[in-house]
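Worksheet: the structure to be examined is printed underneath.
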Amino acid sequence: QPGSCAGTVQQPQSIGYRFKAKCDGVASCAGATLNIFYPANHNYWEMTGMWFSATHAAADAVVNVGNYNPLRRIDLKHIECSDPGSCYNTKFNFMGVDLGD
């Protein structure tokens, strides 16, 4: 929905194997902070991806993906910013995460 997470801090509590993050409404995550943290005891190795697929969907957002398990890295398969300005000035921060194949 347009603007549904805009300007807020979002931190999903149930992150599983092949987790997907989507901001697909106009400015739906604009100015938001998205924290996706894998705890030290997780057994996952793949995050399917993040899609920002509407105008200004994640403009001025901060996206933090952290993996706190030193023995298992997370493979983030896909990041897509498909519409005009969908990731304008978006900051991505990764810890213990590999990007792509």
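The values are calculated or read from the model by the stated rules, or taken from the named source; none is laboratory data. Treat the numbers as computed from the prediction; the structure is a model and nothing was measured. Because the Cβ atoms are built from the backbone with ideal geometry, glycine has one as well, and the counts that use them run over all protein chains shown. Accessible surface is based on the protein model in full, side chains and every heavy atom, while ligands, DNA and RNA are left aside. Shrake-Rupley method; radii C 1.70, N 1.55, O 1.52, S 1.80 Å.
Tabulated results
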item: Selection count, segment 66-101, where residues are of a type in the set (D, E, K, R) and in contact with an Asp or Glu (Cβ under 7 Å, 6 or more places away or on another chain); result: 4
item: Residue list for segment 46-67, filter: of a type outside the set (Gly, Ala, Ser) and in contact with a strand residue (DSSP E or B) (Cβ under 6 Å, 6 or more places away or on another chain); result: Glu46, Met47, Thr48, Met50, Trp51, Phe52, Val62, Val63, Asn64, Val65, Asn67
item: Residue identified as closer than 15 Å to Cys5 by Cβ, under 13 Å from the mean Cα position of the chain (by Cα) and of a type in the set (Ser, Thr, Tyr) among Thr33, Thr48; result: Thr33
item: Pairs, first farther than 10 Å from Ala57 by Cβ and outside any loop (DSSP other than H, G, I, E, B) in segment 77-91, second of a type in the set (Val, Ile, Thr) and open to solvent by less than 80 Å² (accessible area, probe 1.4 Å), C-beta under 6 Å, six or more apart; result: Lys91/Val62
